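Before any comments, here is the structure.
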């Protein structure tokens, strides 16, 4: 994959992540909140892997404050 393809893939992953992040952030039902978390976590890992593997950077769409509100390590 060339860098342009990688950036497009990262952008698509970020869009999916953003959707599930919003579901997670707004959801009140703990079970649905956990389901959303399980859907956005793999996207984060894949974005990081692609950035490291191809030496590209993509600007995050959420601030560090937003990301700090969620636990992405559990």
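Can you work out the FRET efficiency for the pair residue 38 and residue 58, with r the C-beta to C-beta distance and R0 = 35 Å, to the nearest 0.05?
0.95
In Å and on Cα atoms, what radius of gyration and Dmax does the range 1-53 show?
Rg then Dmax for the range 1-53, in Å: 12.7, 41.
Every read-out reported here was derived from the displayed coordinates using simple, explicitly stated rules and does not represent laboratory data. Since the structure is predicted, the reported quantities are computational estimates derived from the model, not experimental observations. FYI the Cβ positions are ideal-geometry reconstructions off the backbone, even for glycines, and counts take in every protein chain you see.
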